[in-house]
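The values are calculated or read from the model by the stated rules, or taken from the named source; none is laboratory data. No experiment lies behind these values; they were computed from the predicted model shown. Please note: Cβ atoms are built from the backbone with ideal geometry, for glycine as well, and neighbour counts cover all protein chains shown.
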Amino acid sequence: MDPLKSVKSLGGIYPGMECGLTGLIEFEKSLNKIMTNNDKLTDAFSNALGIDLSMVKDALAYQSIPEWDSISHMVLISRIEEAFDVSIDTDDVIDMSSVMKAKEILKKYNVTF
């Protein structure tokens, strides 16, 4: 499958959508509008840590799996900030020690679950 051809075909599915990177960004934004906050958080964890969506549970904790180390933690913070359009304070970055704790922290930024 040719990725560029797929992007160009989005214009037919979503009229007015530009092709290329701009089109992909707009397409992702449209998907985010229909995703629940729980879906967004699960997706952020899955992508940042490189794990299957099914592994993302409230009990998943920092350093409980090899994939969640200090480097991937910063990637995770970045993904969460992008997904919810927030800027997470340093204290909250340090305190984000599990999926459940991430939900608690995000409530301070007016994100509901």
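Please specify each residue of the stretch 70-97 satisfying the condition of being more than 16 Å from L49 (Cα to Cα) and out of contact with any Leu (no Cβ under 8 Å at 6 or more places or on another chain). Full working, then the answer.
As a first pass, look at the stretch 70-97 and keep what is more than 16 Å from L49 (Cα to Cα): 84-92, 94-95.
D85, S87, I88, D89, T90, D91, D92, I94, D95 - these are the residues of the stretch 70-97 that are more than 16 Å from L49 (Cα to Cα) and out of contact with any Leu (no Cβ under 8 Å at 6 or more places or on another chain).
Can you go through L53, L106, L31 and tell me which one is on the phi < 0 side of the Ramachandran plot, modelled with pLDDT of 95 or more and surrounded by fewer than 17 Cβ atoms within 10 Å (Cβ to Cβ)?
Working: L106 fails: surrounded by fewer than 17 Cβ atoms within 10 Å (Cβ to Cβ); L31 fails: modelled with pLDDT of 95 or more.
Matching residue, one of L53, L106, L31: L53.
Counting only helices (runs of 4 or more DSSP H) wholly contained in the stretch 31-97, the ones carrying 2 or more residues that are over 16 Å from F113 (Cβ atoms), free of Cβ contacts under 8 Å to residues at least 60 places away in the same chain and among the small types (G, A, S) occupy 37-49, 70-84. Identify, please: which residue in the stretch 56-85 is over 12 Å from M96 (Cβ atoms) and aliphatic (A, V, I, L, M) and is, among those, surrounded by the most Cβ atoms within 10 Å (Cβ to Cβ)? Selected residue: A83.
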